[in-house]
Amino acid sequence: MSTAHAKLSPSQSSRWLKCPGSIGLTADIENKSNSAARRGTTIHQAGEDILNGKSVSPNNGVQISVGNIEFLDQSMYDEAKEYANYVQAICKKDDEHELIVEMVVDLNSIYPEDYDIEDENKSGYADAVIVENGNLHIVDLKTGAGLVSAEENSQLKIYAYGAYEELSVFHDIDNIILHIVQDNERTGGNRTNSWEVTPDEIIDWIEKEVKPLAAEALGDNARCIPGETQCKWCPAASFCEAANKHAEELMDDLFEDIEEDDVKASAQILPIDKVTSFLSNFKFIENLAKSYEGRIYDELAEGNDVDGYKLVKKQTRKKWSDEIAAYEKLKDWCKIDDVAPRKLVTPNQAEKILGKVSTQKANKFNELWIKPEGELIVAPTSDKRPAEKAVADNFEDLDDEL
Ligand code: SF4
């Protein structure tokens, strides 16, 4: 699996398509690898190895394949295996299918014709690409907790374009299906989803939207266009003047109506539209504040002075210096269940431990668990989950029944 990225990286496309200036501004910023990213890389590697027929099993830090020395625990292995199973299920639909694992997708055609930088990587890396029965499938494994939708997913659409250009020379392709495989404990269940689109729709989008924005992004006058989604994870956020200016404007908006006399005289109810506009603006400012905190940390960690700030140690809690030794002593001194209570695994964990079981056993197992209703929470209308019925309506229904 490759980690090198093109400037017009498909995985960052949701940012640069909204803010073409981000390509230039992030160019010299080193991407920091964190534990979640390293975990994701290992799961991808394991998934790739399984699909390539290599032997992979959970381990505790033993190499899972040549050149990779990451830790692969049971839950990481399970994620990789679910992904491989999903890809293999698509392949089984057609004996004549073609599967390309970790396909190197040529992105040359989305770059401007006059853009020619020697040795520049202009490729994307699609986790799995399959052609079966006239369908082109682009499958992407997501290992994070943030829910990802396949619908209108720019990363997958760009992979689809590159893969279609290459594979339609050998196959008749009428339909494109984009898949996000996301099945981990942090997302509260299986969030795998897919979305269909035609080759013509993808080509039209690339020509009308992607190519002009790509040309702007690589030119000298690319606009920096701040917004909540594109700025949230932008590595340049704490250096970006446009984001700072946008935050200032939002703050002016937030507080412009609050004048001292009004506040003193205020015994009025705040209208709901003021609440929603405050909240949506505040999210941008909150995210930017986190980026600024990160920049101050980096400065201080490098030994530079930052007026008004210093590094301090976080509070920590006591922990066992040797768990086995502590257990041996405590079991003599206390009731074993008080100091080392047994904990039942979750239904999801039990399912994975049990593996494939008979229908009779599966039916019995399914009687053992329930899925409680999720509590109602507030989400923006753009959220993909369907809107729930208001609580007040439920009471009205009850009144009708009584
Ligand atoms: S912080 Fe926002 S506005 Fe600035 S470059 Fe990044 S995405 Fe663009």
Matching helices (runs of 4 or more DSSP H) fully within segment 306-381 where at least 1 residues are in contact (Cβ under 8 Å) with a residue 24 or more places away in the chain: 347-354
Output for segment 203-232, where each listed residue is closer than 30 Å to Ile173 by Cβ and more than 15 Å from the ligand (Cβ to nearest atom): Ile203, Asp204, Trp205, Ile206, Glu207, Lys208, Glu209, Val210, Lys211, Pro212, Ala214, Ala215
Filter pass, Ala301 being surrounded by 10 or more Cβ atoms within 10 Å (Cβ to Cβ) and hydrophobic (A, V, I, L, M, F, W, C): no
Lone unmet requirement of (1) more than 9 Å from the ligand (Cβ to nearest atom); (2) at pLDDT 85 or above for Ala237: (1)
Pairs, first assigned to a loop (DSSP other than H, G, I, E, B) and within 13 Å of the ligand (Cβ to nearest atom) in segment 17-35, second of a type in the set (Val, Ile, Thr) and modelled with pLDDT of 75 or more, C-beta under 9 Å, six or more apart: Leu17/Val210; Lys18/Ile225; Lys18/Thr229; Cys19/Ile225; Pro20/Ile225; Gly21/Ile225
Of all residues making up segment 213-233, the number that are touching a Pro at 6+ places or on another chain (Cβ under 9 Å) and not aliphatic (A, V, I, L, M): 4
Qualifying residue in segment 276-291 (condition: in contact with a Gly (Cβ under 8 Å, 6 or more places away or on another chain), among the hydrophobic types (A, V, I, L, M, F, W, C) and surrounded by 12 or more Cβ atoms within 10 Å (Cβ to Cβ)): yes
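The values are calculated or read from the model by the stated rules, or taken from the named source; none is laboratory data. Model, not experiment: these values are computed from the prediction. Cβ atoms come from the backbone with ideal geometry, glycine included; neighbour counts cover every protein chain shown.
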